[in-house]
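Please treat every number below as a calculation from the coordinates, not as lab data. Values in this document were obtained by computation on a predicted structure and should not be read as measured data. Here the Cβ is made from the backbone with ideal geometry for all residues, glycine too, and neighbour counts use every protein chain on show.
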Amino acid sequence: MMLRKTLKALAVLAAAGLFLAGLIVLGRQALAHLTTHERYRFPFADIACVPPPHLKRPQFLDEVQYLSGMPDTLHLLEEDLPRRLAEAFARHPWVERVAQVAIGPGRQVEVRLVAREAVLGVRHAGKVRAVDRHGVLLRGDARVEGLPIYAGKVRAPAGPAGTPWGDEAVEEAARRAAEKK
């Protein structure tokens, strides 16, 4: 009698386990099927964002897409899409940080950014290049008019735009210039 009740309970548990496993498999198949529908695809070029100053949104999105290798079309149901978009936008030299990525109803994708701001000009090899408050080298199109110019001797930038200059004196001067702003 006791054995019969135990076997019956195990059979019920096994049936419930199989039922749950079946639901999980069906759910994953349904999700895979939905991601192929046009309704859940979104053009990268339609992402809502406020670009850094002096860049137009289409140009900025083209640059983000190029630098990150993101596809032309996004799958809105992709679980890690917000993380991937945050990483993509963070690669752009004018982006200090990504504040938020929101994927909302009605096929809305919005990325909120904190843009780098030029605070100091640094003269090296006959050119003046701008850096932000952290001493990060900005692109060559950054305006240096009206910025204080660092007068000390400097090494060449350690990397491309969007990376720290690599000279502690420049980075400290940038922090001081940002405090005065």
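In order along region 141-158, the Karplus-derived 3J(HN,Hα) couplings, from 6.51 cos²θ - 1.76 cosθ + 1.60 at θ = phi - 60°, round to 8, 6, 6, 10, 4, x, 8, x, 10, 5, 9, x, 7, 10, 7, 5, x, 6 Hz, and Gly and Pro are given as x.
So what is log10(I(q)/I(0)) for region 80-119 at q = 0.19, 0.22, 0.33 1/Å, when the Debye sum runs over its Cα atoms only? Result of the Debye calculation: -0.53, -0.67, -1.11. Residues whose amide H comes within less than 5 Å of that of residue 136, counting only those at least five positions distant or on another chain, are 165 (H built at 1.01 Å from N in the peptide plane). Converting phi to 3J(HN,Hα) with the Karplus coefficients 6.51, -1.76 and 1.60 and the offset θ = phi - 60°, region 48-64 yields 7, 6, 9, x, x, x, 6, 10, 7, 4, x, 5, 4, 5, 4, 5, 4 Hz in sequence order, with x at every glycine or proline. Peptides 106-112, 81-87 ranked from most to least packed by the mean count of surrounding Cβ atoms within 10 Å: 81-87, 106-112.
Each principal axis of region 85-181 carries a Cα extent, and these read 54, 26, 22 Å when sorted largest first. For residue 62 and residue 40, the FRET efficiency from 1/(1 + (r/R0)^6), where r spans their Cβ atoms and R0 equals 41 Å, is about 0.95.
Pairs of Cα atoms nearer than 8 Å and 6+ residues apart set the relative contact order; for region 38-181 it is 18 percent.
Lys/Arg Cβ at +1, Asp/Glu Cβ at -1, dipole of region 88-146 taken about the Cα centre: which of 138, 99, 118 is farthest positive-ward? Of 138, 99, 118, it is 138.
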